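Asker: Quick one: the structure is below, and I'll ask about it shortly.
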2 protein chains.
Amino acid sequence: MTPYASLIARFARIATIEEAAAVLGWDAAVMMPRGGGAARGEQLAVLAGLAHETLVEPKTAADLATAVPPEGPDAAWHAANLRLMRHAHRRAAAVPGALVQARARANSDCEKIWRDARAGSDFPAVRAALTEVVALTRELAGCLAPALGMSPYDALMDGFQPGIGAGDVAPVFGAYETFLARALPTAEALATAPLVPRGPFPVAAQEALCRSLAERLGLDFAHARLDRSAHPFSGGTPTDVRITTRYDEADFAQAVLAVIHETGHALYERGLPARFARHKVGEAAGMAAHESQSLIVEMQAARSDAFLSWLGPRLHAAFGGDPAPYAATNLGRLWRRVGRGFIRVDADEITYPAHVILRFRLEQALIGGELAVADLPGAWNDGFATLLGARPPDDARGCLQDIHWYDGAFGYFPSYTLGAMAAAQLMAAARRAEPGLDAALARGEVAPLLGWLRREVHGRASLLGFQDLLIAATGKPLDPGDFTAHLTARYLT
Amino acid sequence: MTPYASLIARFARIATIEEAAAVLGWDAAVMMPRGGGAARGEQLAVLAGLAHETLVEPKTAADLATAVPPEGPDAAWHAANLRLMRHAHRRAAAVPGALVQARARANSDCEKIWRDARAGSDFPAVRAALTEVVALTRELAGCLAPALGMSPYDALMDGFQPGIGAGDVAPVFGAYETFLARALPTAEALATAPLVPRGPFPVAAQEALCRSLAERLGLDFAHARLDRSAHPFSGGTPTDVRITTRYDEADFAQAVLAVIHETGHALYERGLPARFARHKVGEAAGMAAHESQSLIVEMQAARSDAFLSWLGPRLHAAFGGDPAPYAATNLGRLWRRVGRGFIRVDADEITYPAHVILRFRLEQALIGGELAVADLPGAWNDGFATLLGARPPDDARGCLQDIHWYDGAFGYFPSYTLGAMAAAQLMAAARRAEPGLDAALARGEVAPLLGWLRREVHGRASLLGFQDLLIAATGKPLDPGDFTAHLTARYLT
């Protein structure tokens, strides 16, 4: 067996362990009785340890040093694959096993404490645990930075969206802050109060609707599930994707929009090239790329006037009652409302980046050591007031609202807004390439968009980095101008 | 770290991998979309490989050779634990990795072919695949036998119920055959036709009833789930047990009795001593022991006159209609019907052992090489006619009906009847120890029985082998007389 073939086998084994962990993670959020939590934590820790051990075996380094990617029509794929395997190994080998275990324990402990702290809006209760998490994350970043030749914070970002660093993001976010200061008052002034559909909306009817919408958007339930969980997410594996939502009988929009969003994630996984399954090059191109796929389906396609004109009558057929709230114009007003809320996950398209910008700046300061955990609540509230003009009334609506940091995920937040910007850029390119795209959306058909995405994004998997993927698909690297143009057209005119 | 402590850590890791596999196995049967099957097979194969590799690491053998079990109040537990670890290692080390993989592939292939062969009652379609499975199983038995100092067939039995071999079973089964020839005509002559409750019985009502019955029997849903699957089973892990059933709106008995049966299995897992979780000594004492726990709950307790007198009114409350079929006397007639059916899983308590005896004899002959796979259908039909007086009209109702052999499980079948016999023996002892047991059952209370089982069986886990466990709990080794006495009291008087 050649060194390259041996690496393929080893990384397939790692990917298979990660698939098992993905299903167990889904189960923990969707199916597991609460008494199973402790054992599940152990199961996931053991699987993560096995994957890590397989990656850092001495044989891996030896094979990586000598492997030659095969020639032939897939030469570029194999070359990228080898590069990605080397990168994954470099990251894993840079971190001592003891630190991996200490982080797993600290993150898990902190996340548990955080659940109660958030419920009680009690930041001091979680301060010590978060301090430990930040210290260990800084230690991690300190190990990764020299190995990768990046700053510590960039080394963390690299774990979520390779190829993008703070130096790329900071100017984009700075420009957006300027845009927001001008755009938000205008959008608020132009907003028209919507009619609100009257419920109740029975869960069974919502669920049937959500399922048929996911299918309409291209999801094949021979390879997918739709379930309920406290927070909607997309999980599972490429041949068995599992999306979740939650149902509120007073408001169907939450469930429907979450399913549309998660379907975008699921379609990306389903569209990855099967011949590179369990290869590094066959994975999705990073978290920003993933978010671009959920947002292009949810924000760009499904909340467009064209799709809403198709969707409105279907919603009315599902729930009955007065048809007026289901008119496309009203659905647009309802589902594209702008507001200065405190909660990121409830934010609209215009203010959402402000929530991300705040977190991006604060987490850089935490990792850089310029901000102490004890000072986080004040810094959060000050930053929020600067960006959106109001101070959160408590930490539950402030620095306690997101799980990410309390679970040790630093460097992830920028992916949300990078994804939103990429989604706008991809949609603009898709519209140029597929002139019938919007007419099809008005018939509830996503084939032109989905076909283009499969070709230009899904089918490329990790062959290209984030910027090169955008260049290949749209002719240019990340250009936030397409996002602000989209917002201007939708909210400011 | 002492060699013993190092072994504890390694076996805990193996047990944790097996927990992950157990949840994935449950998911495959209950949740997984069919498109996920191929990837799931890989995931389970990789986990099985990792568990096996961890077990046969050179360090394991070295530690096993030098380990000394700790003294103190748990000395007997640790001594048994070390003995069980050595035994597990001996089994694993005796089998070449290539054979493990070849069996996994052959069993999986054969099982898939069998599904269609059974549906079409087409034994020739699966003959070649089963021949390969039998050949590899014989090879396995041939590796295990010298390592364990047993006959090849006993080495296979040992994988399901350690401590019991064909030499223990054959005379017991021979005596039962004699009992059956006398008892069955008598039971048939004494049987009275039951009233049959009239449906439909809505699935939601059945499901609610099943859940409340499982709780009434002692299952705590903070550590359990109840779901649907094609065939009822009990799976999951000791802190997260998962039982399944299937619902037929025309007949609630199938779902209710399956849930009661699987609850018995689940209670055993829940009753294993937490302080020995993930130790070999903390596992259930084998498949016959496990079956004794499902059958003591289902056959001994729940189908008793006492419990039926409590259950009847609850069933009537759940489903309404004419109360007469729900009278305890009628439920007894209904749920203790005797008949000479061809299908094992539909068999009554008296004829069930005949189905097992047939399989026990045939699989010994297959493993011993005295029976060729091609001759299996004829041998099956001849044997069935001898035992129960009729020839199966086709192989779907003959040698194709059970998955076990087609999935490579030889040596498992005796556990069913050993479990039934042990259940009767344990119930007789429990009644002696807990004089209020039946009065409690008549109030729908299982506390006296369950408390006794937890003390005498569940809490002992694998501290004792099957026979020693029976001696400790009942004062004697396996004594089929308690089973025939139970059948005589229930069916022959």
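The values are calculated or read from the model by the stated rules, or taken from the named source; none is laboratory data. Because the structure is predicted, anything quoted here is derived from the model rather than measured. Backbone-built Cβ (ideal geometry, glycine too); neighbour counts: all protein chains shown.
Asker: Quick one: how many residues across the range A:386-419 are in a helix (DSSP H, G or I) and touching a Pro at 6+ places or on another chain (Cβ under 7 Å)? Write out each step before concluding.
Answerer: Of the range A:386-419, the ones in a helix (DSSP H, G or I) are A:386-388, A:395-397, A:405-407, A:414-419.
Subset that is touching a Pro at 6+ places or on another chain (Cβ under 7 Å): A:395, A:417.
Number satisfying all stated conditions: 2.
Asker: A follow-up question, please. Looking for whichever is away from every other protein chain (no Cβ under 13 Å), modelled with pLDDT of 95 or more and touching a Pro at 6+ places or on another chain (Cβ under 7 Å) here; the options are B:Ala67, B:Ala76, B:Ala88. Which one fits? Can you show your working first?
Answerer: Working: B:Ala76 fails: touching a Pro at 6+ places or on another chain (Cβ under 7 Å); B:Ala88 fails: touching a Pro at 6+ places or on another chain (Cβ under 7 Å).
Every option except B:Ala67 fails the conditions.
Asker: Give A:Ala45, A:Ala98, A:Ala39 a once-over and let me know the one that is in the same structural domain as A:Glu139 (by TED's automatic domain parsing) and modelled with pLDDT of 95 or more. Steps first, please.
Answerer: On the way: A:Ala45 fails: modelled with pLDDT of 95 or more; A:Ala98 fails: modelled with pLDDT of 95 or more.
Every option except A:Ala39 fails the conditions.
Asker: Given the conditions (1) under 24 Å from B:His223 (Cβ atoms); (2) touching a residue at least 40 places away in the same chain (Cβ under 8 Å), and given that A:Ala92 satisfies all but one, which numbered condition is not satisfied?
Answerer: (1)
Asker: Any idea which of (1) more than 20 Å from the chain's Cα centre (by Cα); (2) without any contact (Cβ under 8 Å) to a residue 12 or more places away in the chain; (3) over 25 Å from A:Glu215 (Cβ atoms) is the one A:Leu366 doesn't satisfy?
Answerer: Every listed condition holds for A:Leu366 apart from (2).
Asker: Please work out which one of (1) assigned to a helix (DSSP H, G or I); (2) within 10 Å of chain A (Cβ to nearest Cβ); (3) within 28 Å of the chain's Cα centre (by Cα) is the condition B:Met32 fails and give its number.
Answerer: With (1) assigned to a helix (DSSP H, G or I); (2) within 10 Å of chain A (Cβ to nearest Cβ); (3) within 28 Å of the chain's Cα centre (by Cα) applied to B:Met32, the lone miss is (1).
Asker: In the range B:32-67, what residues are within 25 Å of A:Ile243 (Cβ to Cβ) and touching a residue at least 40 places away in the same chain (Cβ under 8 Å)?
Answerer: Hit for the range B:32-67 is B:Gly41, nothing else.
Asker: Given the conditions (1) crowded, with 18+ Cβ neighbours inside 10 Å; (2) of a type outside the set (Phe, Trp, Tyr); (3) more than 21 Å from A:Val356 (Cβ to Cβ); (4) in the same structural domain as A:Ala88 (by TED's automatic domain parsing), which single one is not true for A:Leu213?
Answerer: (4)
Asker: Looking only at the range B:1-29, count every residue that is touching a strand residue (DSSP E or B) at 6+ places or on another chain (Cβ under 7 Å) and facing chain A (nearest Cβ under 7 Å) and tell me the total.
Answerer: So the answer is 2.
Asker: State the number of residues belonging to the range B:35-51 that are more than 7 Å from every other protein chain (Cβ to nearest Cβ), touching an Asp or Glu at 6+ places or on another chain (Cβ under 8 Å) and farther than 17 Å from B:Gly97 by Cα.
Answerer: Residues meeting the conditions: 1.
Asker: So A:Ala98 clears everything in (1) within 20 Å of B:Ala12 (Cα to Cα); (2) in contact (Cβ under 8 Å) with a residue 12 or more places away in the chain except one condition, right? Which one?
Answerer: (2)
Asker: Test B:Arg337 against the criterion of being buried (at least 18 other Cβ atoms within 10 Å of the Cβ), more than 19 Å from the chain's Cα centre (by Cα) and not in a helix (DSSP H, G or I), and give yes or no.
Answerer: On the way: buried (at least 18 other Cβ atoms within 10 Å of the Cβ): no; more than 19 Å from the chain's Cα centre (by Cα): yes; not in a helix (DSSP H, G or I): yes.
No, not satisfied.
Okay, residues lined up against (1) aromatic (Phe, Trp, Tyr); (2) in the same structural domain as B:Ala12 (by TED's automatic domain parsing); (3) crowded, with 18+ Cβ neighbours inside 10 Å; (4) touching a helix residue (DSSP H, G or I) at 6+ places or on another chain (Cβ under 9 Å):
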{"residue": "B:Ala274", "(1), (2), (3), (4)": "no, no, no, yes"}
{"residue": "B:Val281", "(1), (2), (3), (4)": "no, no, yes, yes"}
{"residue": "B:Ser292", "(1), (2), (3), (4)": "no, no, yes, yes"}
{"residue": "B:Phe319", "(1), (2), (3), (4)": "yes, no, yes, yes"}
